[in-house]
Ligand code: 2RA
C-alpha cells in the first residue's frame with residue numbers, strides 16, 4: 001500500500017531532512033504535498049526524481065492525505081494540526097505544542113512505541129524535543145533495568161537546532177571574526193562563533209531555561225515516573241550539526257557496568273562505542289544512530305554512571321523519529 005503525505009515546513013532544516021529521509025528509506029509514498037506555513041522563496045522541491053510545487057498550508061485540503069508531518073514549529077501546529085487530524089489523517093508533530101498534552105502520546109518508537117496506538121483518539125502523535133529523544137534511547141533501558149533516581153546533565157546543542165538562522169549566524173560570524181571584523185548577534189543573544197552560550201530559550205523565575213524545563217518534563221513523562229530528578233544545563237555550542245550530552249545518573253538499585261553494557265547493547269538505534277572518539281562532526285551528521293561512549297562507573301557514588309551521547313539532531317532528534325513513527329503506524333497492527 002502507498003500513502004499520500006503532507007509535509008508542512010518543507011522550507012525548514014528539519015523538513016528538508018525529512019524529505020531526504022522519505023526517499024532514502026523508501027517510504028511507500030504515493031503523492032507528496034510539500035507545504036509551507038507562509039509563502040516564501042521556496043516555490044518547488046525535488047522529490048523522487050520529480051519537481052513538486054510548494055503550497056501554502058492555509059489553502060490545503062487535508063482530507064487528501066493519510067499522513068501529515070508537522071515540521072514548521074508550534075505556531076503552525078497550533079493553527080492547522082486539529083484541522084488536519086479532524087480531516088482524518090495522522091498528524092505527526094515535531095513541535096513542542098502537544099508534548100505536555102496528556103491526550104496526545106509522546107513517542108520514540110524504540111522506547112515507548114506501544115503508545116502509538118493511543119494516537120487513534122485524536123489522530124495526533126508528538127515527537128519529543130531533540131535532546132530528550134537522544135537521552136531516552138539510553139535512559140529507558142537503564143530505567144527498566146535498575147530504576148533511575150536522578151540525572152544530572154549538560155547538553156551541548158549545535159546551531160542547526162535553531163534552524164537555518166542558527167547555521168547562517170555561526171557561518172557568518174566565523175567568517176567575520178576570521179577577517180578581523182566585529183560581529184552583531186541576531187539569532188542568539190550573544191556571539192556564537194568561537195564561544196559558548198549557556199542558555200537556550202527563555203529563562204524562568206527559578207533560573208532554569210524553558211529547554212531545561214522541557215527536558216525534565218518530557219523525561220519524566222516518557223519514563224512514566226515523576227519522581228526522577230532531572231537537573232540539566234543546556235548550552236548552545238559553535239558546532240553546525242549534532243547534539244551532544246554529558247550525562248551523570250544515579251540508579252535506584254545497584255547495577256554492574258557489565259549489566260549496563262548488556263542492556264544498552266539490546267537497544268536498536270543505540271550504538272555503544274568504546275574504542276573511538278565520538279564527536280558531533282564524526283557521528284552527528286547524516287547519521288541515524290545515537291552514540292553512547294565514555295561509559296564508566298562514578299567512583300564517588302556507588303550507583304553513579306557517567307557517559308557521553310552524540311546524535312544527529314536533525315535526524316534521530318527530529319525528522320527520523322517522525323518518519324519512524326509513520327513507519328510504525330503503517331504496520332498492519334495499527
Ligand atoms: C534546539 N531543542 O536545539 C531545539 C531544537 N528542537 O534548540
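The values are calculated or read from the model by the stated rules, or taken from the named source; none is laboratory data. Given the structure is predicted, the values throughout are model-derived calculations rather than measurements. FYI the Cβ positions are ideal-geometry reconstructions off the backbone, even for glycines, and counts take in every protein chain you see.
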Next item on the list: Please tell me if residue 233 is in a strand (DSSP E or B) and either over 21 Å from residue 149 (Cα atoms) or not assigned by TED's automatic domain parsing to the domain that holds residue 142 (or both).
Entry: no
Margin query: Residues to consider are 207, 190; find the one that is away from the ligand (no atom under 14 Å from the Cβ), part of a loop (DSSP other than H, G, I, E, B) and either touching a strand residue (DSSP E or B) at 6+ places or on another chain (Cβ under 6 Å) or touching a residue at least 24 places away in the same chain (Cβ under 8 Å) (or both).
Written below: 190
Notebook entry, point to check: Any residue in segment 48-59 that is farther than 24 Å from residue 316 by Cα and in contact with a helix residue (DSSP H, G or I) (Cβ under 6 Å, 6 or more places away or on another chain)?
Noted result: yes
Margin query: Of the conditions (1) within 16 Å of the ligand (Cβ to nearest atom); (2) touching a residue at least 40 places away in the same chain (Cβ under 8 Å); (3) touching a strand residue (DSSP E or B) at 6+ places or on another chain (Cβ under 8 Å); (4) more than 15 Å from residue 317 (Cβ to Cβ), residue 216 satisfies every one except a single condition; which number is it?
Written below: (2)
Next item on the list: Of all residues in segment 25-52, count the ones that are surrounded by fewer than 20 Cβ atoms within 10 Å (Cβ to Cβ) and farther than 17 Å from residue 330 by Cβ.
Entry: 15
Notebook entry, point to check: Quick one: what pairs do we get from segment 143-169, first residue on the phi > 0 side of the Ramachandran plot, second within 13 Å of the ligand (Cβ to nearest atom) and part of a loop (DSSP other than H, G, I, E, B), C-beta under 6 Å, 6+ apart or different chains?
Noted result: 163/12
